[in-house]
């Protein structure tokens, strides 16, 4: 039996995670946050003081690390039995994940890990190449985006709410730099997947985006 897949691709800060988790809970489908897979690898590499250009070491870690996702409410990620959720959203982790994700050998190693999430009753896959590379034959595809300024402002507000000092201009510049790296990389660049419905969330509430995606799936 074919397992339905909904892919939600898009740049960092567009709201993919929040929307994807809400949709997965509503549909009672499995959930894959590919960004957390790469961020988890980045955290493992940083913990072991591995050079982010050391492809051999990175692929070895990628092939052996054990990951668990729990998203009953908020996403919880466990790496080799230890929760690493608080580390996932840091700028250091995000930058390192973007660097390691640019290596074709690393992406190839993690590809099967991602594909294994396709199980009944269905899968919501959140990432930057879900609909273009990992699940190109997905039944439903969404490309969720927003302006760099809006994404930077969202990230700034998140950090301030957590009591973390932040600079809005610097955050926006980092987002723009990450976008450039992700769209220009040779392997699996960030792109709008063939057949995807594009949603610009710059002027939409999260609830509006969630409903738009649910309508797409429920209307078939």
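Quick look at the values:
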quantity	calculated
Any hit, region 134-153, residues being within 30 Å of residue 56 (Cβ to Cβ), within 17 Å of the chain's Cα centre (by Cα) and in a helix (DSSP H, G or I)	yes
Residue 120 being under 23 Å from residue 5 (Cβ atoms), part of a loop (DSSP other than H, G, I, E, B), in contact (Cβ under 8 Å) with a residue 40 or more places away in the chain and out of contact with any strand residue (DSSP E or B) (no Cβ under 6 Å at 6 or more places or on another chain)	yes
Output for region 64-90, where each listed residue is exposed (fewer than 15 other Cβ atoms within 10 Å of the Cβ), under 19 Å from the mean Cα position of the chain (by Cα) and closer than 18 Å to residue 112 by Cβ	66, 68
Residue within region 169-179 that is modelled with pLDDT under 90 and either surrounded by 14 or more Cβ atoms within 10 Å (Cβ to Cβ) or under 30 Å from residue 219 (Cα atoms) (or both) present	yes
Tally of residues being under 18 Å from residue 4 (Cα atoms) and outside any strand (DSSP E or B) across region 181-209	4
Residue match in region 111-128 (condition: surrounded by 15 or more Cβ atoms within 10 Å (Cβ to Cβ), under 13 Å from residue 33 (Cβ atoms), touching a helix residue (DSSP H, G or I) at 6+ places or on another chain (Cβ under 7 Å) and at pLDDT 95 or above)	yes
Unique residue being in a helix (DSSP H, G or I) and either under 18 Å from the mean Cα position of the chain (by Cα) or within 17 Å of residue 12 (Cβ to Cβ) (or both) when the list is 177, 166	177
Failed item, numbered, when residue 186 is tested on (1) surrounded by fewer than 21 Cβ atoms within 10 Å (Cβ to Cβ); (2) closer than 28 Å to residue 212 by Cα; (3) touching a helix residue (DSSP H, G or I) at 6+ places or on another chain (Cβ under 9 Å)	(2)
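To keep it simple, each residue is scored yes or no on (1) at pLDDT below 90; (2) buried (at least 18 other Cβ atoms within 10 Å of the Cβ); (3) under 16 Å from the mean Cα position of the chain (by Cα); (4) closer than 26 Å to residue 212 by Cα.
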position: 3; (1), (2), (3), (4): no, no, no, yes
position: 6; (1), (2), (3), (4): no, yes, yes, yes
position: 12; (1), (2), (3), (4): yes, yes, yes, yes
position: 16; (1), (2), (3), (4): no, yes, yes, yes
position: 28; (1), (2), (3), (4): no, no, no, yes
position: 38; (1), (2), (3), (4): no, yes, yes, no
position: 44; (1), (2), (3), (4): no, yes, no, no
position: 47; (1), (2), (3), (4): no, no, no, no
position: 59; (1), (2), (3), (4): no, yes, no, no
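The values are calculated or read from the model by the stated rules, or taken from the named source; none is laboratory data. Since the structure is predicted, the reported quantities are computational estimates derived from the model, not experimental observations. All Cβ positions, glycine included, derive from the backbone under ideal geometry; neighbour counts span all protein chains shown.
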